[in-house]
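**Student:** Below you will find the structure I want to go over with you.
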Amino acid sequence: MQSSEECACLDPEQRSEWERRSVGVDETKGRFGEVSLERCARCRRVWLCYFVEYEGFSRSGRWFRAVVSEEEAARVRPETAAELLASKPWHIYGGSYFGHAGKRGVGGEGSVRVDS
């Protein structure tokens, strides 16, 4: 078993195995973003995941994921997910909107662009 510090789930270019649970759909501002929690099968970290795309716009698909605590995972709601992701010091993001399959990004206001 890998140590949690070197787990593949931390590398945007690596694949990991996940246990996934849907949180729901964020309907804020008509986004209809899919929110889920995923637990890495290797190191057991919990990740908050957000995916959104806008059918009327090509190359609009984007996703974000960040490690969250067990307490944050228990409290998160679809409409609070984007704000929680942005509050994290770093996250992984990708999709056709960004033109790549995944990179590590820095958190903060404006760092999680979920609106069209």
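No lab work stands behind these numbers, since they all come straight from the coordinates. Predicted model, so just to flag it, every value in this text is computed and none were measured. Neighbour counts run over all protein chains shown; Cβ positions are idealised from the backbone, glycine included.
**Student:** Looking at segment 21-29, can you tell me whether even one residue there is of a type in the set (Asp, Glu) and farther than 18 Å from residue 61 by Cα?
**Tutor:** No, that holds for no residue.
**Student:** Mind telling me which of the residues 20, 42 ends up being outside any strand (DSSP E or B) and not acidic (Asp, Glu)?
**Tutor:** Numbers: 20 fails: outside any strand (DSSP E or B).
When all the criteria are applied, what remains is 42.
**Student:** While we're looking at this one, here's another question. Restricting attention to segment 108-115, does a residue exist that is touching a strand residue (DSSP E or B) at 6+ places or on another chain (Cβ under 8 Å), of a type in the set (S, T, N, Q), surrounded by fewer than 14 Cβ atoms within 10 Å (Cβ to Cβ) and farther than 15 Å from residue 24 by Cα? Spell out how you get there, then give the answer.
**Tutor:** Of the residues in segment 108-115, the ones touching a strand residue (DSSP E or B) at 6+ places or on another chain (Cβ under 8 Å) are 111-114.
The next check asks that each one be of a type in the set (S, T, N, Q); those that pass are 111.
The next check asks that each one be surrounded by fewer than 14 Cβ atoms within 10 Å (Cβ to Cβ); those that pass are none.
No: zero hits.
**Student:** Does at least one position in segment 57-73 carry a residue that is over 18 Å from residue 5 (Cα atoms), in contact (Cβ under 8 Å) with a residue 12 or more places away in the chain and part of a helix (DSSP H, G or I)?
**Tutor:** yes
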